[in-house]
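Student: Please find one structure pasted underneath; my questions will follow.
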């Protein structure tokens with residue numbers, strides 16, 4: 001009896017600790033965004049203000065940054081989800097020479113650190129006059145996130161019985177019709193989870209964005225937030241936290257609403273049977 005009570009206490013204590021660990025940075029960010037100074041704990045006294053939020057909408061290109069992030073993240077997520085769905089189906093359910101090597105090669109290519117290729121990309125895109133355009137981010141983001149989406153979709157497709165494909169082919173359906181009419185509706189949770197994870201990765205990416213864009217015309221939220229500085233380079237932490245708070249809300253809302261699909265997609269392939 002005592003062991004059960006102790007076990008429950010430890011479980012609840014661990015859960016509370018993890019919750020506090022995860023939510024405390026968000027609460028601190030929110031507190032600083034509504035304060036006149038980020039040193040209110042040291043200086044004493046919390047003075048509430050809306051000035052930081054007013055400032056990011058009136059004194060900065062915040063909405064331009066936000067719009068660029070949405071455009072790039074949505075475009076990349078759609079293209080990658082479509083490509084990874086077809087590729088995941090082919091690799092996991094069709095038999096052809098080299099089908100095992102393809103995902104391994106794609107995974108190996110994804111292991112190159114971003115910093116090792118961003119200089120070459122900047123040089124190539126500069127010659128192609130793509131610097132400071134949405135395409136300068138969309139193209140490398142697609143290559144960067146395809147391995148993640150491909151492996152999630154492969155794991156999910158592999159859990160769907162092959163008998164469904166055989167039955168559809170016997171009934172006269174083509175491979176494309178089998179995929180679109182039979183397999184994709186079943187695999188939607190996995191595809192949707194890969195879409196969300198790709199969207200979040202692109203929305204938060206910083207290195208490519210800061211190296212391949214130079215003005216609010218194409219800069220995304222992470223780069224825009226990093227540029228919030230005042231006279232003599234002094235950082236306006238209130239505006240930084242206000243912008244970060246607003247930028248985080250869409251991702252938090254998406255995660256809370258669709259967490260079941262994300263977990264279901266990531267868990268696919270972890271259990272056989």
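Student: Would it be correct to say that residue 219 is in a loop (DSSP other than H, G, I, E, B) and at pLDDT below 85?
Tutor: no
Student: Filter the stretch 18-50 down to the residues that are in a helix (DSSP H, G or I) and modelled with pLDDT under 75, then identify the one that is nearest to residue 242 (Cα to Cα).
Tutor: That would be 40.
Student: So which residues in the stretch 63-119 are under 19 Å from the mean Cα position of the chain (by Cα) and in a loop (DSSP other than H, G, I, E, B), if there are any at all?
Tutor: Within the stretch 63-119, 111, 112, 113 qualify.
Student: If you go through the stretch 129-173, how many residues are outside any helix (DSSP H, G or I) and out of contact with any helix residue (DSSP H, G or I) (no Cβ under 9 Å at 6 or more places or on another chain)?
Tutor: 4
Student: Right, here's the next one. Scan the stretch 201-210 residue by residue and report those that are buried (at least 17 other Cβ atoms within 10 Å of the Cβ) and either modelled with pLDDT under 90 or not in a helix (DSSP H, G or I) (or both).
Tutor: Once the filter is applied, which keeps residues that are buried (at least 17 other Cβ atoms within 10 Å of the Cβ) and either modelled with pLDDT under 90 or not in a helix (DSSP H, G or I) (or both), the stretch 201-210 yields only 205.
Student: Then there is this: Quick one: which residue in 17, 48, 34 is farther than 30 Å from residue 208 by Cα and surrounded by fewer than 10 Cβ atoms within 10 Å (Cβ to Cβ)?
Tutor: 48
Student: Consider residue 53 against the criteria (1) closer than 30 Å to residue 185 by Cβ; (2) at pLDDT 85 or above; (3) touching a helix residue (DSSP H, G or I) at 6+ places or on another chain (Cβ under 8 Å): it satisfies all of them except one. Which criterion is unmet?
Tutor: All conditions pass for residue 53, except number (1).
Student: Among the residues of the stretch 222-245 satisfying the criterion of being under 22 Å from the mean Cα position of the chain (by Cα) and surrounded by fewer than 17 Cβ atoms within 10 Å (Cβ to Cβ), which is modelled with the lowest pLDDT?
Tutor: The extreme case among them is 227.
Student: Let me ask you something else. Between residues in the stretch 125-154 that are touching a residue at least 40 places away in the same chain (Cβ under 8 Å) and on the phi > 0 side of the Ramachandran plot and residues that are surrounded by 17 or more Cβ atoms within 10 Å (Cβ to Cβ) and part of a helix (DSSP H, G or I), which pairs lie under 8 Å by C-beta distance while being six or more apart or on different chains?
Tutor: Note: pairs meeting the criteria are 132/212.
The values are calculated or read from the model by the stated rules, or taken from the named source; none is laboratory data. All values reported here derive from a predicted model rather than from experimental measurement. Quick reminder, even Gly has a Cβ in these numbers, built from the backbone with ideal geometry, and neighbours come from all protein chains shown.
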